[in-house]
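Here the structure is laid out as structure tokens; the discussion comes afterwards.
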Amino acid sequence: MATGTYANGNFVSDTAASAAMDDLVGAIHHCLSDVQTDGSFAVFSPLDNAPNPGIYLQNGGVVGLPLSERDAHAIVAASHEAPFGKGEQTIIDKSVRKTWELSPDDFELRNPAWMSFIRSTVTAVGVGLGIGACGRGVSAQLYKMLLYDEGALFKPHQDSEKVPGMFGTLVIVLPSKHEGGEVRVTHAGETKLFESSIHSEFGTSYAAWFSDVTHEVKPVLSGHRLVLTYNLVHTTLGPQQLSAGGEGSLLQLRATFSKWKDGLQQAHWRRAVAYQLEHQYTEASLRFDSLKGKDMQTGSLLKQVCEEYGFSFYLANFEKTVEGGCDEDEETDEDGMHPITEECDTSATLKKVVELDGTEIASDLEFGEKNFTTEFPFEDITPDDEEYSGYTGNEGVSATHFYRRTVALIMPKDYRVEFFLDPARTVPNRSIYGFYGQPEPEPEKSLLLVWHDRFVYELVTNPSDDSAREYLEAVCRMVPRQLKSWRLKTSHWHQIPADYDYGPPKDYQSSKAPFSERIVEQILCTTLEILDSKELFSEAFSIWPEKVTPQMFEQSGIAWVRYDLSLGDKLSMRLAKIESLNDRFEIIKTIELGITSESKRSSKDITTQEEWIKSQIVIALVDSKMKTARDGNTLSMIAQRLPPQDTFQSTLPAVKRQITYTPMALAFLCGLFAACSTGVMAMDIAHKVFRDVISDLAKYFNLKVEDLLKATKPGLDNPYIRSASLKGNEEIDRQNILNITQVMSICLDLGLDEFDEICTKLTANVKASHIKWSHIDVFESFYIPLLKELYSIVQGKAAPPPLQTLFQETLSKYIVEFVRAEPPSAKNFTRPRIPCTYKNRCRGCDDLNRFLINPNQKESRFIVSRQLAGHLGRQLQGKPDLSHSTRRESNTQESLTITKTNTTYVSEHNKWAERFAVAKAHIRSMLVTDEITLRGLLGHKFDMIQSLSVPALVADMSSRHDPLAASRNASNSRVLPPITKRKISASAAASSGMIPTRKLL
């Protein structure tokens, strides 16, 4: 069955599409190859009526022309041998280059008419090289004066770019009779020979060529060849001063690009094409206005047609490498290269891609030769460079050939972002873009985000930059398109039965989304904030990732109002996945923030959105989980938003349904009273809700340490909200302590029995708690701070017996299990035996153990063999309370001195002293505040707890099987009379003024 695609309503097979594209690429090649130019890659001409330049040597004086033998010797005396560049080195090798040179600092050209003459010559050179009428924007900068005497030469080479903007070389041959010294220039298979000797005795001539033209100076056979060399520099010439080739080529290109554009929907329709330019350009000169000769006319044609048909045109330096084995005879071909007899590896790369203004946009991109406009662009072509291993003996001889070309890179604008941006590529340490002072990107930043940030920056700084806007829009279109395609493919393979014989392709077995959640979110924000495009936002919203930050919800609220989109259902589905009430309500508020801010900006009606928010709050109260203090705070905020009747009909039932989560219920009640202190909620409403909730709260009161932990980030455990940072160290949330204290204070002031019940439940929690929970000391972090807070609310009052019991049991357990008894010091010097590791117990270990169990001996010295001393040293290694040292006694014996220490005791005692000091400080802080109240709370245990007497507390615990009964007996010694313990009505409480005396939080 034939495969293919539908284009313009017609089915096109893949084979036909591929063949049509090949024809189209061939047509592009022929059109560009047929571009005509009046210029050449190199020119030569005699100069009539050339003035004498007036050469004056700084060390030698005036030089006359035609050049005499005497003046030639004077030039040699003032000169130095000319070097040449080889790789990164500059060397002198007379077999490659033999000539004398002077720098401009060593001589002067004193004839004022000479500069005018050079300018007119440059004009002729510009015309000859085909770089524009009158040579505008081209200048010549004096570089060197060279003297070629008999035998002088310069083997084939290309000129390097010596100054910015240099594109060629101009040589003025001055009157000096010589034979030989011809200049041979070669480019693109064409060769020219310039013979200056014909005009040398009395005449002047010039030769000029582009920098990438290979040229050589043949040996001078007799006489002296004297030349002035100039760098040809392009300064101001732009596209408007350049000729643009024939109209016929333009018409053909238009027709070809029209076909290319029409066929882009076809699967095998090529997306990018490279056309090889005639000249090679350095990285510094890789830009449109540095193009030479025919390349300039070709570039002008492409630029015009690409703009007309929606294509992008870039310049790029391409490199192909071929690595393989060579024959061991080390013979080279006529071009000086070692032929590769067996290819091992090849690569093809766009080393650098630039915009026409020279701005780099990509580097090191894989780019196959199949994308060139010719089928085999490097067949039978001499490499530009070579790395040759030479014979090494063990390994075969190998070489790597390098082929380098500059190409015009052409592609549809809609495809350019996908061409350059492989989602997996990252920028490790630095940006490859020049962002005009922007900060460097973060390590391992996605290449797509680097592009995105670049275009955002350019568009923000220059809102009229249409090019940056087009690029940014292309990025925002590409991400949804590729992500949807990936989801479609992966969902297809997920639907295949598990027993299917053929698994999914390797690409999808462990397929990863092409773009991260961060990128998707950034694209959505950009479509709204930067591009303000309803179409692009809708596309981005359709690929909403699994996890997002709250900012994305705010953007959705803004877009909902601004673009009048139907986002309610999708947002409702997203909210339904969030289990925690706090997290869900935070997202609702974030969406609401976006809605209200856009409404204020645009004055649009948001009735629909407001109704949606109300309904989502009600839904959240019904099906969300409410476990933590954060959830309780959220419930109190919701109660403050709703009318009183809704508080009793929806908020209160939600609390009571999940009343077993104590931190949530505590936070809810405290939040209500906090609202009373600010006037948001009436006190009578808060009292009524408090009485309704407190009875159930006291009944189910239970604190698990994990419920008391502070959340380091909102939504930390929510799988549908992406947090900006990782979970930090766990710690007790002090707000829970304050909430318990405030609720108990209200109970105490209102005379509610629930105070006693909560005290009893806290006591039970203390008995069940371990001193350490994970890495958290729950007594230091929770119970002791809680006691200090509760201590403050009963000062000046008689402490109820359950509160006394809570204090006594908590502090007793704290002292017994945390402080512990003081470690006893060793009564003598007895230390544990150390078993011998030898199969048969050795005599040395017997002597050692006799010393260890001796209660009266602290130190002993053993004279043993070196081998036995080593064995005993290993036995003693790492043993506590033992130290040892050795000393050489003879060639065969060593003395081993062993000392018994109290290291373990000292360490344990120091730790105990630290714990003792901490506990003492806690007790002292309460004693200083109010000793009478503390005595009333601790009862008969006051002295034991105040002195931190572990033995007395342990004995008391053992003798009392019912700590609560002991507390009741101890309560008879209270100094102050007990407070009334009964429930009262709300009206009685109001009339008696019984409102919480503790400051509301």
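The table below lists the values:
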read-out: Condition check for P855: modelled with pLDDT under 90 and under 19 Å from K827 (Cα atoms); value: no
read-out: Candidates L938, L896, L953, filtered to the one that is open to solvent by less than 50 Å² (accessible area, probe 1.4 Å) and either farther than 28 Å from I784 by Cα or free of Cβ contacts under 8 Å to residues at least 12 places away in the same chain (or both); value: L896
read-out: Filter result (open to solvent by less than 70 Å² (accessible area, probe 1.4 Å) and on the phi < 0 side of the Ramachandran plot) within the stretch 672-689; value: L672, F673, A674, A675, C676, M681, A682, M683, I685, A686, H687, V689
read-out: Residue that is acidic (D, E), open to solvent by less than 10 Å² (accessible area, probe 1.4 Å) and closer than 12 Å to R584 by Cα, where the choices are D631, D623; value: D631
read-out: Sole exception among (1) of a type outside the set (S, T, Y); (2) closer than 22 Å to D733 by Cβ; (3) at pLDDT below 90 for C676, by number; value: (2)
read-out: Residue in the stretch 588-598 that is farther than 30 Å from V689 by Cβ, open to solvent by 10 Å² or more (accessible area, probe 1.4 Å) and not acidic (D, E) present; value: yes
read-out: Selection count where residues are within 15 Å of A77 (Cα to Cα) and not aromatic (F, W, Y), scope the stretch 93-104; value: 4
read-out: Every residue from the stretch 917-946 that is in a helix (DSSP H, G or I) and either among the charged types (D, E, K, R) or under 11 Å from P823 (Cβ atoms) (or both); value: K920, R924, E931, R935, K941, D943
read-out: Residue in the stretch 746-766 that is modelled with pLDDT under 80 and of a type in the set (V, I, T) present; value: no
read-out: Residue selected from the stretch 12-48 under the condition of a type in the set (D, E, K, R) and under 30 Å from I172 (Cα atoms), by the criterion modelled with the highest pLDDT; value: D48
read-out: Residues within the stretch 788-818 that are among the hydrophobic types (A, V, I, L, M, F, W, C), under 17 Å from I945 (Cα atoms) and surrounded by fewer than 23 Cβ atoms within 10 Å (Cβ to Cβ), tallied; value: 2
read-out: Candidate set: the stretch 923-935, residues that are touching a residue at least 60 places away in the same chain (Cβ under 8 Å) and of a type in the set (V, I, T); chosen: the one farthest from V794 (Cα to Cα); value: I923
read-out: Meets criteria (touching a residue at least 60 places away in the same chain (Cβ under 8 Å), open to solvent by 50 Å² or more (accessible area, probe 1.4 Å) and closer than 30 Å to L447 by Cα) for D357; value: yes
read-out: Residues located in the stretch 132-172, provided they are modelled with pLDDT under 85, among the small types (G, A, S) and in a strand (DSSP E or B); value: none
read-out: Any hit, the stretch 566-587, residues being in contact with a helix residue (DSSP H, G or I) (Cβ under 6 Å, 6 or more places away or on another chain), within 24 Å of V475 (Cα to Cα) and open to solvent by less than 60 Å² (accessible area, probe 1.4 Å); value: yes
read-out: Residue satisfying all of: in the stretch 96-131; assigned to a loop (DSSP other than H, G, I, E, B) and in contact (Cβ under 8 Å) with a residue 40 or more places away in the chain; surrounded by the most Cβ atoms within 10 Å (Cβ to Cβ) among these; value: I131
read-out: Enumeration of residues in the stretch 526-545 that are outside any loop (DSSP other than H, G, I, E, B) and either surrounded by fewer than 18 Cβ atoms within 10 Å (Cβ to Cβ) or on the phi > 0 side of the Ramachandran plot (or both); value: E529, K534, E535, S538
read-out: Residue in the stretch 409-428 that is at pLDDT below 85 and under 19 Å from G358 (Cβ atoms) present; value: yes
read-out: Residues within the stretch 506-525 that are modelled with pLDDT of 75 or more and in a helix (DSSP H, G or I), tallied; value: 9
read-out: Matching residues in the stretch 144-181 - criterion: being more than 28 Å from G130 (Cβ to Cβ) and among the aromatic types (F, W, Y); value: Y148
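The values are calculated or read from the model by the stated rules, or taken from the named source; none is laboratory data. Predicted model only: the values in this text are computed from it and were never measured. In this analysis, Cβ positions are derived from the backbone assuming ideal geometry, glycine residues included, and neighbour counts consider all displayed protein chains. SASA here: full protein model, heavy atoms, side chains in, ligands and nucleic acids out. Shrake-Rupley method; radii C 1.70, N 1.55, O 1.52, S 1.80 Å.
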